[in-house]
Structures are given as structure tokens and as C-alpha cells.
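Written below as C-alpha cells is the structure these notes are about.
The values are calculated or read from the model by the stated rules, or taken from the named source; none is laboratory data. From a predicted model like this one, the values you see are computed outputs, not experimental measurements. Neighbour counts are summed over all protein chains in view; Cβ atoms, including those assigned to glycine, are modelled from backbone coordinates with ideal geometry.
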Amino acid sequence: MNNAINSTLLLLVAAAITGCSSGRSAPSRTEPALYIVCIDRSSSTNPMRQKQIDQFNQVVTLAAADGTPIEFWTFDRRALCQWGPQPPRSSEALFGIEQKTIAPSNSENRHITRPALLLQAINRDTTFITAKSVDILVLTDGDNEVPTDNSLFTREAASIAAHKSVKVAVLDINPENRPTWQHAFRGLPQSRFLVAGDTQSVKTEDDFLNN
């Protein structure tokens with residue numbers, strides 16, 4: 001009898017460890033080797049700042065649970081890596097960085113958005129280059145105020161798309177900017193490149209992070 005009880009307990013523990021319960025299979029999501037979250041902090045995105053923070057925190061929470069490294073980038077007229085790459089200790093680990101780097105602002109240096117420089121910086125990042133798999137979320141309205149950046153933007157997007165295992169989601173984008181981003185990332189299959197406007201971005205992020 002004791003042996004039967006012990007065997008049952010071992011099976012229950014094994015099921016808990018593998019995420020299986022009542023005959024259900026474990027979640028299908030495979031954690032990436034790296035999350036990269038990029039927030040457009042230009043003045044045009046001030047109205048969506050709290051939503052961006054909420055979206056960012058969703059990834060931080062997931063990364064903390066998985067032990068997955070995160071890189072946090074901001075961009076306006078330039079691109080800056082504000083944190084990482086490292087796993088966050090908790091879902092609140094980056095609260096201070098958020099408050100310091102992406103509070104709404106109308107300062108002069110945030111009146112121009114150059115996403116091409118963000119993509120260029122990511123392409124030069126050793127962690128991105130060597131990561132086995134990467135999930136990139138870009139939280140932006142999609143604006144580009146420097147027309148001469150267009151060819152650079154397209155070239156850098158193509159380079160990111162050539163990574164051996166990358167997924168890209170562009171969330172909160174304005175409808176008029178969607179075609180530009182879709183064209184630039186046309187090298188990625190539809191299953192690995194998602195764009196969503198303001199009203200759909202929360203669901204899209206959920207789908208993106210759980211597949």
C-alpha cells in the first residue's frame with residue numbers, strides 16, 4: 001500500500017513539474033532566449049504612455065517568471081539601451097527605470113522619431129546577434145520624421161528579419177504607418193511578424209507572447 005501511495009505521489013509531482021494536470025498537455029509556448037522591448041518615447045506617443053508601460057510590464061512579468069533576459073530600449077531622435085540584457089528579478093524590477101526614462105515629455109529632443117536608428121542599434125548588439133531566439137516588441141505609433149532614413153530603415157529591418165530565429169511585433173501603430181513597417185519586414189513570414197493598432201494591440205501582444 002505504501003508503495004502504491006508513493007508511486008501516486010511521484011506521478012502527481014512529475015505532472016506538476018511538467019505543467020500537466022488532469023490529462024491536459026503543457027502550454028505550447030516556447031520561451032525565447034532573449035526579449036527585446038523597444039518603446040517610442042517621442043512626444044507624439046505621450047498619450048499612449050501608460051499603455052506602453054502596461055505592455056512593457058507584461059513582458060517583464062513573463063521574463064521574471066521564465067528567467068529570460070530582457071533588453072529595454074527607448075528611441076526618439078536616437079536609440080538607447082536603458083537596461084539589460086539580464087533576467088528581471090521580479091515583475092517590479094524595472095519600475096524605477098520606467099519612471100526615469102519614459103515619463104511623458106515635450107522636450108525638444110523628443111520631437112523627432114528615427115526608428116531606423118533603433119533597428120541599426122539592435123543589429124549591432126552582440127546579444128541580439130548571438131541569441132538563439134529573440135522576441136522583439138516595438139511599442140510605437142510608427143512615425144518616422146526623417147525621410148532620408150527610409151533606405152536605412154528598410155535595410156536594417158531586412159537584417160533583423162535575417163536573424164536565424166526572431167519574432168517581431170509592432171504594437172500601437174497608426175494605420176497610415178502600417179504599410180511601411182510591413183514592407184520593411186517582408187522577409188519575415190506572417191507567423192513571425194505582427195502589427196497591431198491601438199485597439200488590437202493588447203490581444204496581439206497576448207498572442208505574440210504565448211505562441
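For this structure, a couple of remarks:
- Test: residue in segment 120-127 that is closer than 24 Å to LEU209 by Cα, without any contact (Cβ under 8 Å) to a residue 60 or more places away in the chain and over 17 Å from the mean Cα position of the chain (by Cα): yes
- Taken over segment 158-184, the residue count meeting the criterion of being in a helix (DSSP H, G or I), within 16 Å of the chain's Cα centre (by Cα) and under 21 Å from LEU34 (Cα atoms) is 2.
- Scope segment 152-175; condition under 25 Å from ASN46 (Cβ atoms) and in contact (Cβ under 8 Å) with a residue 24 or more places away in the chain; matching residues: PHE153, VAL168, ALA169, VAL170, LEU171, ASP172, ILE173, ASN174
- Extreme residue, farthest from the chain's Cα centre (by Cα), among residues of segment 30-49 that are within 10 Å of LEU139 (Cα to Cα) and not in a helix (DSSP H, G or I): ARG41
- Within segment 185-211, the set of residues being assigned to a helix (DSSP H, G or I), under 19 Å from ILE39 (Cβ atoms) and of a type outside the set (D, E, K, R) comprises SER201, VAL202, THR204, PHE208, LEU209.
- Taking strands (runs of 3 or more DSSP E) as the structural unit, those lying wholly within segment 50-157 and holding at least 2 residues that are of a type in the set (A, V, I, L, M) and either modelled with pLDDT of 95 or more or surrounded by fewer than 19 Cβ atoms within 10 Å (Cβ to Cβ) (or both) correspond to 79-86, 134-139.
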